[in-house]
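These notes are about the structure you will find just below.
Taken together, the values in this text are just the output of simple stated rules run on the coordinates, not laboratory data. A quick note: this is a predicted structure, and the numbers were derived from the prediction, not measured. All Cβ positions, glycine included, derive from the backbone under ideal geometry; neighbour counts span all protein chains shown.
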Amino acid sequence: MTEQLTAVGAARSGAGLQAAGSCQLRAVDPLVIEACGDKIILSSPRLARRLSVGPAIAGIVLQGRDGIDPAGLPAAVLERLCEAGFLIDARQQPDPLESPWREWGTTAWSFYRRMRDTHFVSKGTPEAMREYVDRIATVPRPSSLRACASDRILLLPRVRCGLDVPFRTVLEGRRTHRHFKDEPLALDRFSDLLHYTFAPLRFADAGELGTLQLRAAASGGARHETEAFVFVFNVTSVQPGLYHYDNIRHGLEPINENVSRADLEDITHRQGFFQNASFGVLTVAMAERMSWKYPHPIAYRMMLQNVGHVAQVFSMTAMALGLGASLTGAVKESVAEPLLGINPPGELITFALACGKPVVQPEDGLPYAIRLPRTAPDYY
Ligand SMILES: Cc1cc2nc3c(=O)[nH]c(=O)nc-3n(C[C@H](O)[C@H](O)[C@H](O)COP(=O)(O)O)c2cc1C
């Protein structure tokens, strides 16, 4: 909730500068100022409250970065700023920054603070609920299908491979595989992995929220905003190249046949996954599918949680199909976006996944590069 603070409103409160006395004041640190449209919002991850202010009040707080003398400034405004925690006694020692915010910085801390104790509309007032429902009715609902990337499509087989590996074996056997054999991957396995990770398995009628996809992975509000852009390198019967996976038609729409392993290696900071992987996937979130239903910053966190579920289904299904998978969030978006032909800011890259026939250690099937501890360490 953002509160309004205007010089007039504060002056009407009339009280003197009791909180701060007549001492020197300084601004809370860190101080975050968002200037957006005609609004200026003050916040600090140290504080629960956010204040919507005009330029004059924002100027007072900014001035407080170097310490200000309250004499001559509007006492009621200073009092409100002190009471909300934006101005404090300059003699007061600020609490030291603690981990993890000391390392992760103000941006991450502010985001976390903004998410904390989010008010969900279903628990709010009837007016808030009505306003929300009106909004859903008037803002056009984004499609749960992405427009075709091409007018051609390579339809994939709809036979299903055997998946009779005991669940415990999948749980215990899933590992991150970063080294693969450069051998062709059977089309049916490739097709199954895309189907179970990215395609709907059922549909649900959600009234004014539309017809929802139900996939193997859970997804906040079943918004299922994740789309798959597939880089085929060595899959039987599929021409290498970059495709968009159409999850309703279960097929690959060609985008670019000239992409190489080197392209995906470069995009993922040369970690080596794609040197021999049979195929790779860049997952892309169609953010509007989320923001339409959830017009609050917490939806961004949910979106990242959603793709974690997708990636876990990918890894576990790969394992059950006798394949290996790895993933990374270390992606050069500005290189990848034009290659995929996606439209930021509505379409956001979220993950890179690799899959292939893993190189394993013969004795236990563990990934090639894993070393098991041999001695008891002094410190664990
Ligand atoms: C969100 C996320 C990001 C990851 N990023 C990388 C990465 O950039 N490079 C990498 O080699 N492994 C990455 N991994 C894989 C982890 O390093 C791996 O899961 C971990 O070492 C444990 O191994 P295990 O998956 O075999 O249990 C990532 C995993 C997750 C969940």
Query raised in the report: Which of 267, 290, 243 sits closest to the plus end of the dipole of the stretch 225-301, meaning its Cα is farthest towards the positive end, when Lys and Arg get +1 and Asp and Glu get -1 on the C-beta?
Result: 290
Report summary line: Scoring only Lys, Arg, Asp and Glu (+1, +1, -1, -1) among other residues with Cβ under 13 Å from the Cβ of residue 244 yields -2
**Report entry** Positive-pole candidate from 118, 63, 94, dipole of the chain, charges at beta carbon
**Finding:** 118
Report task. Mind ranking 360-372, 258-270 by how tightly packed they are, going by the mean number of other C-beta atoms within 10 angstrom, highest first? Result -> 258-270, 360-372
Query raised in the report: Using the C-alpha gyration tensor of the chain, what are the square roots of 5 times its eigenvalues, in whole angstrom, with the largest one first?
Result: 50, 26, 18
Report task. On a 0 to 90° scale, report how tilted helix 298-320 is relative to the longest principal axis of the chain, with both axes built from alpha carbons and the result rounded to the nearest 10. Result -> 20 degrees
Query raised in the report: By average Cβ neighbour count within 10 Å, what is the ranking of 291-297, 318-324 from highest down?
Result: 318-324, 291-297
**Report entry** With Cα atoms, 0 to 90° folded angle of helix 126-138 axis to the chain main axis
**Finding:** 50 degrees
Report task. Using a cut-off of under 11 Å, list every residue of the stretch 83-103 whose amide N is near the label point 7 Å from the Cα of residue 41 along the Cα-to-beta-carbon line. Result -> none
Query raised in the report: Roughly how many nanometres apart are two label points built 7 Å out from the Cα toward the Cβ at residue 378 and residue 218?
Result: 4.3 nm
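Would you list 316, 302 from fewest to most Cβ contacts within 10 Å? All intermediate terms of the calculation are to be shown ahead of the outcome.
Details: 316 20, 302 17.
Taking fewest neighbouring Cβ atoms as first place, the list is 302, 316.
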**Report entry** Within the stretch 125-158: backbone nitrogen closer than 18 Å to the residue 208 label point (7 Å, Cα to C-beta)
**Finding:** 125-143
Query - Cut-off under 5 Å, modelled amide H: who pairs with residue 216 long-range - result: 201
Report summary line: Largest fluctuation, 28, 232, 281 only, Gaussian network model of the chain with Cα springs under 10 angstrom, belongs to 28
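Determine the shape class of the stretch 144-358: with a ≥ b ≥ c the square roots of the Cα gyration tensor eigenvalues, call it rounded for a/c under 1.5, and otherwise prolate if a/b is greater than b/c, oblate otherwise.
rounded
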Query raised in the report: Roughly how big is the chain's charge dipole about its Cα centre, with Cβ charges of +1 (Lys, Arg) and -1 (Asp, Glu), in debye to the nearest 20?
Result: 540 debye
Query raised in the report: Expressed as an acute angle from 0 to 90° and rounded to the nearest 10, what is the orientation of the C-alpha long axis of helix 187-198 relative to the principal long axis of the chain?
Result: 20 degrees
